[in-house]
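These notes are about the structure you will find just below.
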Amino acid sequence: MLSIGAIIQATTPETITKKVEYTDNYYTPSAQEKTIYNLKRQELQLAVQKYFKKAIASGAIVGAGVSIVRNDSILLNDGFGRRNFNLDKKVDGETIFRLGSLSKGFTGVLASKIKNEGKLDWDDKVSDFIPGFQLGNQANSDNITLGTILSHTSGTPYHSYTNLVEAGLPLTDIAKRFKNVTPISTPGEMYSYQNAMFALSSEMMYKATGEDIATSLENNFFKPLEMCSTNMSHESLIKNKNVALPHAPRKNGWRTLKLRNSYYNAIAAGGINSSATDMAKWMQFLLGYHPEVMKESAIQEVFQPVIEIKGHNKYYHRWPGHLTSYYAYGWRIHKYSEENSKEEKTIWHHGGSVNNFRNEIALFPEDNLGICVLFNSANKVSRTVIPDLQKIIREIYNTSIEDLSLEKSDHASLLETEN
């Protein structure tokens, strides 16, 4: 029996050339290994398709854009269901969704890149970059830094002034209003999720670089990574023909909603739009496969835990094997015990919700694995989709080739192609 568990780590024929550019220790897979890779990938695609077809048939979701990467390979970037519940317009890998708070992950990575260029530091004071900013007394305000706002530890009450962000007020105006807010803790001591305060990071980066956050993200990441469908404005979104529309549940179906012009004044916190294909490229980058864009050491800084997210009431607290959760810089960091080995492992994760879009991204650094799912409806599936897909991937890639559920004709056709 040919076991593939630890032997094949999703090495792909199409990415060998790119790997040669990065290291002299590259490896050319044999014809047999290429065949195994293709069989595994096809099995994964069928299993994921089955999972989402079931969710759609049950009425749990309308549509989803899904991407899975493993090592330097994109195993899947596809769509399931409909962009519009009332029309037969299918979701595919290029369909654009609003990301909501998945945008925070981009902001944290951008801040780290600027920091590693020597233009900013995690300890830089917000008040030094934004005149008139104050939260509590002066001594308290002096301890509110880039690091505390990106980790939601500034001492601001939960979701203060999110209503002003949604109303479209400029961030500079919102910043001045924090003087009217009473802090709930000393900066750095307590986790309290905050969109408005988090978004002030873009003003700090603008002062440090001279570029607004949209330009910085485009120049630093989207262009070099060829994330061609990713954009950061309502105008760009509605001009695109391949866009998923948001949906709200109603009796016996779904109600299609309008795309709202909210959070584009706070791109850092929730104003990015993207597709499954582009999110796959983003995850490859985060796993360290594009060092020409950003050093892996600089990326790693973003994922260093800053503050523990205590309690047991969050959906991710109920994921299998969950041990502890933290917040870093625009990312949640989870520690969990792997089901079979009981080894402690890590998840870099964030969820996002805006305009009835609901999204999840998770990377498993020890396994060089990334999963992103973009939904065009608020739904319960999103709470478990990450561990559900991780389980599917684990079962397929820890199964011997003879045990795959593909039909014999599928095996034969792939063997014929690869040999």
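The values are calculated or read from the model by the stated rules, or taken from the named source; none is laboratory data. From a predicted model like this one, the values you see are computed outputs, not experimental measurements. Every residue, glycine as well, gets a Cβ built from its backbone with ideal geometry; the counts of neighbours run over all protein chains shown. Surface areas here come from the heavy atoms of the whole protein model, side chains and all, with no ligands, DNA or RNA. Shrake-Rupley method; radii C 1.70, N 1.55, O 1.52, S 1.80 Å.
General observations
- Extreme residue, positive dipole direction of the chain, given options Tyr158, Trp331, Phe364 (C-beta unit charges): Tyr158
- Acute angle (nearest 10 degrees) that the helix 408-418 long axis makes with the longest principal axis of the chain, alpha-carbon atoms: 80 degrees
- By average C-beta atoms within 10 angstrom, highest first, the peptides 196-207, 362-373, 82-93: 196-207, 362-373, 82-93
- With Cα atoms, 0 to 90° folded angle of helix 31-57 axis to the chain main axis: 60 degrees
- Centroid-to-centroid separation of the stretch 294-322 and the stretch 45-112 [C-alpha atoms, Å]: 22 Å
- Convex hull per residue volume in Å³, alpha carbons only, for the stretch 308-387: 93 Å³
- Dipole in debye (nearest 20) - the chain, about Cα centre, beta carbon charges: Lys, Arg +1; Asp, Glu -1: 1920 debye
- Charged side chains reduced to their Cβ positions (Lys and Arg at +1, Asp and Glu at -1) give the stretch 70-112 a dipole of some 220 debye around its Cα centre.
- Amide H contacts of Leu135 (H built 1.01 Å from N, in plane; Pro and chain starts excluded): Ser141 sit under 5 Å, all sequence-distant by 5 or more or on other chains.
- A DSSP coil position with no more than 16 other Cβ atoms inside 10 Å describes the following GluC sites (Glu not before Pro) in the stretch 316-357: Glu338, Glu339, Glu343.
- All distinct Cα pairs of the stretch 184-313 go into the 1/r average, and the inverse of that average, the Kirkwood radius, is 17.6 Å.
- Solvent exposure of the stretch 59-102, expressed per residue, is 29 Å² of accessible area, with all protein chains present and a 1.4 angstrom probe.
- Pairs over the 21 Å Cα-Cα cut-off, from the set Lys89/Lys223; Lys54/Lys380; Lys335/Lys391: Lys89/Lys223.
- Within the shell defined by Cβ-Cβ distances under 12 Å, the residues around Gly270 carry a net charge of +2, with Lys and Arg each +1 and Asp and Glu each -1.
- Counting only Cα atoms, the size of the stretch 250-386 along its three principal axes is 45, 37, 26 Å, in decreasing order.
- Counting charges near Val91 (Lys, Arg +1; Asp, Glu -1) among other residues having Cβ under 15 Å from its Cβ returns a value of +3.
- Other residues whose C-beta falls under 15 angstrom from the C-beta of Pro157 contribute a net charge of +1, scoring Lys and Arg +1 and Asp and Glu -1.
- Cα-based radius of gyration of the stretch 62-185 once divided by 2.2 N^0.38 Å, which approximates compact folds: 1.44
- Percent carbon-and-sulfur accessible area, the chain, ignoring ligands, DNA and RNA, probe 1.4 Å: 47 percent
- 0 to 90° range, to nearest 10: angle between helix 195-209 axis and the chain longest Cα axis: 90 degrees
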